[in-house]
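One structure, pasted below without further comment.
The values are calculated or read from the model by the stated rules, or taken from the named source; none is laboratory data. These numbers come from a predicted model, not from an experiment. Here the Cβ positions follow ideal geometry from the backbone for every residue, glycine too, while neighbour counts run over all protein chains shown.
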Amino acid sequence: MPSEQMPATRALRAAATGTALLGLSGFAARSRSVSVAERRVFERLNSGIGVAEGPVWAVMQAGNGLTAVVAPAVLLGLGRPMSDAARVGGAAFGGWHLAKLVKRALPRGRPASLLDGVVLRDGNPAGGGFVSGHATVATATSVAIGSMLGPRVQRAAGATALVVALARVHVGAHLPLDVIGGVGLGLLWGSLCASLPVPRRPESFS
């Protein structure tokens, strides 16, 4: 099955959307404080969800650094070409490290350091809050996979990325602007990975 690039027009739209989300959320988060509106959204998402806690936590793992290994392995297991696995692995690996660069460029605390009454459901993570690495990785991976496995998988991957972003707020690891910025960075980086041309193996001559 041949590897497919994301069409240029679609990639440009995704990159433009991602740039806007990253830029606007970064501008709003530059003060390192939490607005009333952001605090209210955080408190709503940080509240309990009963029996859904376990499944949401499990889906959230789709945004951790191991996605750079697991996702390519799954694609290869499904018979996809190495070029597809490389795109997805690059999207996840690069997204994780780009998020770390943004954290250093725009320092912002985690929710527990900025708000009272934060419920921590996944430990107390260290490091900066903006942007969410999990949201970046999940979004970049979903964009990279989107043009490979058809619209049904594309929708499922997008829904997974959304759950990851919301879950990071729910477990108390990030504030809403952090995950919006992560989604933006993931769209930008993922569209680049999905649209880059991949060298094809030259045909053999008899």
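Determine whether ALA28 is more than 19 Å from ALA112 (Cβ to Cβ) and surrounded by fewer than 14 Cβ atoms within 10 Å (Cβ to Cβ).
On the way: more than 19 Å from ALA112 (Cβ to Cβ): yes; surrounded by fewer than 14 Cβ atoms within 10 Å (Cβ to Cβ): no.
Spelling it out, it is not the case that ALA28 is more than 19 Å from ALA112 (Cβ to Cβ) and surrounded by fewer than 14 Cβ atoms within 10 Å (Cβ to Cβ).
Let me ask something additional. Just need a number here: residues in region 30-81 that are of a type outside the set (Val, Ile, Thr), under 21 Å from SER191 (Cβ atoms) and in a helix (DSSP H, G or I). Working first, answer last.
First, the residues of region 30-81 that are of a type outside the set (Val, Ile, Thr): 30-33, 35, 37-40, 42-48, 50, 52-55, 57-58, 60-66, 68, 71-73, 75-81.
Going one step further and asking which of them are under 21 Å from SER191 (Cβ atoms), we end up with 62-63, 65, 68, 71-72, 75, 80-81.
Remaining after also requiring in a helix (DSSP H, G or I): 62-63, 68, 71-72, 75.
Of the residues in region 30-81, 6 are of a type outside the set (Val, Ile, Thr), under 21 Å from SER191 (Cβ atoms) and in a helix (DSSP H, G or I).
For every residue, the table says whether it meets (1) surrounded by 14 or more Cβ atoms within 10 Å (Cβ to Cβ); (2) at pLDDT below 95; (3) closer than 18 Å to ALA159 by Cα.
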{"site": "GLY50", "(1), (2), (3)": "no, yes, no"}
{"site": "VAL59", "(1), (2), (3)": "yes, no, yes"}
{"site": "ALA73", "(1), (2), (3)": "no, no, no"}
{"site": "ARG80", "(1), (2), (3)": "yes, yes, no"}
{"site": "ASP84", "(1), (2), (3)": "yes, yes, no"}
{"site": "ARG87", "(1), (2), (3)": "yes, yes, no"}
{"site": "PHE93", "(1), (2), (3)": "yes, no, no"}
{"site": "TRP96", "(1), (2), (3)": "yes, no, no"}
{"site": "LEU101", "(1), (2), (3)": "no, no, no"}
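Out of all the residues in region 1-25, which are more than 15 Å from ALA140 (Cα to Cα), modelled with pLDDT under 90 and either surrounded by fewer than 13 Cβ atoms within 10 Å (Cβ to Cβ) or of a type outside the set (Ser, Thr, Tyr) (or both)?
As a first pass, look at region 1-25 and keep what is more than 15 Å from ALA140 (Cα to Cα): 1-4, 7-9, 20, 23-25.
Now drop any that are not modelled with pLDDT under 90, which leaves 1-4, 7-9.
Matches in region 1-25: MET1, PRO2, GLU4, PRO7, ALA8, THR9.
I would also like to ask the following. Being β-branched (Val, Ile, Thr) and either closer than 25 Å to GLY26 by Cβ or surrounded by 17 or more Cβ atoms within 10 Å (Cβ to Cβ) (or both) is the filter here; which residues of region 126-160 pass it? Step through it out loud before you land on a result.
As a first pass, look at region 126-160 and keep what is β-branched (Val, Ile, Thr): 131, 136-137, 139, 141, 143, 145, 153, 160.
Matches in region 126-160: VAL131, THR136, VAL137, THR139, THR141, VAL143, ILE145, THR160.
Let me ask you something else. Based on this model, can you work out whether ALA144 counts as at pLDDT below 95, part of a helix (DSSP H, G or I), under 12 Å from the mean Cα position of the chain (by Cα) and small (Gly, Ala, Ser)?
Considered against the rule, which asks whether it is at pLDDT below 95, part of a helix (DSSP H, G or I), under 12 Å from the mean Cα position of the chain (by Cα) and small (Gly, Ala, Ser), ALA144 comes out as yes.
Collect the residues in region 84-116 that are part of a loop (DSSP other than H, G, I, E, B) and free of Cβ contacts under 8 Å to residues at least 60 places away in the same chain, keeping them in residue-number order. Before the answer, list the steps.
Kept after step one, since they are part of a loop (DSSP other than H, G, I, E, B), are these residues of region 84-116: 106-110, 115-116.
Answer for region 84-116, where residues must be part of a loop (DSSP other than H, G, I, E, B) and free of Cβ contacts under 8 Å to residues at least 60 places away in the same chain: just ASP116.
From the list SER113, SER195, SER147, which one is farther than 20 Å from GLY65 by Cα, in contact with an Asp or Glu (Cβ under 7 Å, 6 or more places away or on another chain) and hydroxyl-bearing (Ser, Thr, Tyr)?
Values: SER113 fails: in contact with an Asp or Glu (Cβ under 7 Å, 6 or more places away or on another chain); SER195 fails: in contact with an Asp or Glu (Cβ under 7 Å, 6 or more places away or on another chain).
Of SER113, SER195, SER147, the one residue that is farther than 20 Å from GLY65 by Cα, in contact with an Asp or Glu (Cβ under 7 Å, 6 or more places away or on another chain) and hydroxyl-bearing (Ser, Thr, Tyr) is SER147.
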